[in-house]
1. Can you pull out the residues in the stretch 39-63 that are in contact (Cβ under 8 Å) with a residue 40 or more places away in the chain and open to solvent by 40 Å² or more (accessible area, probe 1.4 Å)?
2. Which of (1) without any contact (Cβ under 8 Å) to a residue 40 or more places away in the chain; (2) in a helix (DSSP H, G or I); (3) touching a helix residue (DSSP H, G or I) at 6+ places or on another chain (Cβ under 7 Å) does Leu110 not meet, given it meets every other one?
3. Scanning for something in contact with a helix residue (DSSP H, G or I) (Cβ under 6 Å, 6 or more places away or on another chain) and in a helix (DSSP H, G or I), does the stretch 119-129 turn up at least one residue?
4. Filter the stretch 95-104 down to residues that are at pLDDT 95 or above and open to solvent by 50 Å² or more (accessible area, probe 1.4 Å) and give me whichever is farthest from Leu40 (Cα to Cα).
Amino acid sequence: MSFETIDVVSQELSNALETGITLYAPYALGLGGAEDVVGLTARFVVGVMFLVAGYCKLFSPARTEIMYQTLVAARIPFARLNTYFVSFNELVFGFLFTIGALTLMSGLVLAAITLVALMTVGRHHIEKGGFMFTLSGYLYNSEVMILVMIGLVVFAGPGPLSVDAMLWPRLAG
């Protein structure tokens, strides 16, 4: 066998393997298609983001103080209590959202936290100067993107790789 023949066979084998993996991967993961992968990714990214943020705010005195100062500046009542309350909810509901457990409730809690953040702190970072500038500022704001991803998961369902799907298969989406 020549080196040229080996290269051709190797390339064909590589192409066949790549095609097989591409076609099989969603089913091997228990996923039905691209929409399930997108939903799982959105759920994971948002959930882990909140989980990690809550953890850091609860267990890092410096982050706790930053959160407290942010709430004071935003004129949130009971800022010290809410520092721990919001951080705890980010941790717990971020974890639940990540694993797809109580997805509707955890999504709504995380959406409420995000909406309050957008309305109290996030909106002050939006450039003023007419409708298009304001609209651009809101649409480019990370809180808005987070709300969209939470909405995707809440309305489409947690997907097949979730605790909710194991407990209530009809709610999996």
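1. Leu40, Phe44, Val45, Val48, Met49, Leu51, Val52
2. Exception for Leu110: condition (1).
3. Keep residues of the stretch 119-129 that are in contact with a helix residue (DSSP H, G or I) (Cβ under 6 Å, 6 or more places away or on another chain), which gives 122, 126-127.
Checking the rest, the ones that are also in a helix (DSSP H, G or I) come to 122.
Checked the stretch 119-129: at least one residue is in contact with a helix residue (DSSP H, G or I) (Cβ under 6 Å, 6 or more places away or on another chain) and in a helix (DSSP H, G or I).
4. Here the answer is Phe95.
Okay, residues lined up against (1) of a type in the set (Ser, Thr, Tyr); (2) surrounded by 13 or more Cβ atoms within 10 Å (Cβ to Cβ):
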{"site": "Ala79", "(1), (2)": "no, yes"}
{"site": "Tyr84", "(1), (2)": "yes, yes"}
{"site": "Ser87", "(1), (2)": "yes, yes"}
{"site": "Leu91", "(1), (2)": "no, yes"}
{"site": "Gly122", "(1), (2)": "no, yes"}
{"site": "Glu127", "(1), (2)": "no, no"}
{"site": "Met145", "(1), (2)": "no, yes"}
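The values are calculated or read from the model by the stated rules, or taken from the named source; none is laboratory data. As the structure is a computational prediction, the values presented were derived from the model and not from experiment. Every residue, glycine among them, receives a Cβ derived from its backbone with ideal geometry; neighbour counts consider all protein chains shown. Quick note on the areas: whole protein, heavy atoms, side chains included, nothing else; ligands and nucleic acids left out. Shrake-Rupley method; radii C 1.70, N 1.55, O 1.52, S 1.80 Å.
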